[in-house]
Amino acid sequence: MITDKGQQLNNVKFEVKGDPITSDSAVVISNHQSLADHLVMPYLATNAVHSINDSTESEEAKQATLNKIVLPRINFFSWFRVWNVPSIRVLLNMAKCDENWELDSTLSELIFSRFLKTKVPEWIVLFPEVNIWTEEAAILQKAQSEKFYLPVLKNVLYPRFSSFYNVISVFNNKENYKFVKLYDLTILYKREQKKPRSLGGAIINALTPRLPEEPVETYFQPSLLDIVFSDYPITVQVTVKTKFLNRVPSKRNKTEKWLERLWLEKDKNISQALSSALKQEESIGQELTAVPLSPIKKIPVSGPII
């Protein structure tokens, strides 16, 4: 297990925990909280290099290892295409395509076979939920899940199996020696804002001292502008779990069940993180149930009271 507080870019810092990441070729799957999820991948690709810097090897040995490392090329697989940087064409596809899109086996092999032949490490990144999680999407999904007797998820959308099966069907075979690992990521975002402590049931008067402020971290879904131009601290939390591709079932129905169980576990872990953060926020409000208040002084009055 690793815990990496990582670098800070502007007001954004990264916390990576879980299994270590290497620069070898891999399939990467993740929940989908924001468009900013795409910006997390380049950071993770360089994280393997930073872990080498933290090792106990000599400086010469570290430098020799760094010179041999080639950072993985990041390829996002979505909406019938594999792309490195989002384009107008990709965005148009996202607007027009059905969420349950799927490539036939011949086309899948044609698209992914070139990644097996390249000499550089490749990451194939996909978001099985397809769409970004929102409260509105979660409400609609809950109704659909109840209608079709599917598991009800609170913090993630029910995964679409088609794109995941396209990838697994190509890379999970005996002829593939390049892609060995699958990284299962859970991405969450927290922002730190200062809030005044609660006075509980205390009476406030004009002489009450100014309420002290405490930094409170809350989970939220940032936009790209929040990440680039944030005026408050943002923490990107990434939990990494490593799976081996040859342990993922290759038959369609078993692949779907495997991914479903993975998403149920992910939803549970996110619920625990949100619950823990909520308790911490509530405890800050309860710590100051009785701030010492300045007593109202009696002012002596001379002369008759009218």
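Structural remarks
- Amide hydrogen proximity for residue 123: with H placed 1.01 Å from N in the peptide plane, the residues at 5 or more positions away or on another chain lying under 5 Å are 26, 73, 74, 75.
- Net length available on complete extension from residue 57 to residue 228 is 58.0 nm, with 0.36 nm assigned per residue and the Cα-Cα distance removed.
- About its Cα centre, segment 226-266 has a charge dipole of approximately 620 debye under the convention of +1 per Lys or Arg Cβ and -1 per Asp or Glu Cβ, with nothing else charged.
- Rounded to the nearest 0.05, the FRET efficiency derived from the C-beta distance between residue 118 and residue 10 at R0 = 30 Å is 0.35.
- Close amide H contacts of residue 157 (hydrogens built in the peptide plane, cut-off under 5 Å, sequence separation of 5 or more or a different chain): 32.
- FRET efficiency for the pair residue 220 and residue 46, taken as 1/(1 + (r/R0)^6) with r the Cβ-Cβ distance and R0 = 25 Å, rounds to 0.50.
- FRET efficiency, 1/(1 + (r/R0)^6) with R0 35 Å, evaluated for residue 251 and residue 136 via beta carbons: 0.50
Just so you know, all these numbers are worked out from the coordinates, no wet-lab data involved. Just so it is clear, the model here is predicted, and its values are computed rather than measured. With ideal geometry, Cβ positions are generated from the backbone for all residues, glycine too; neighbour counts draw on all protein chains shown.
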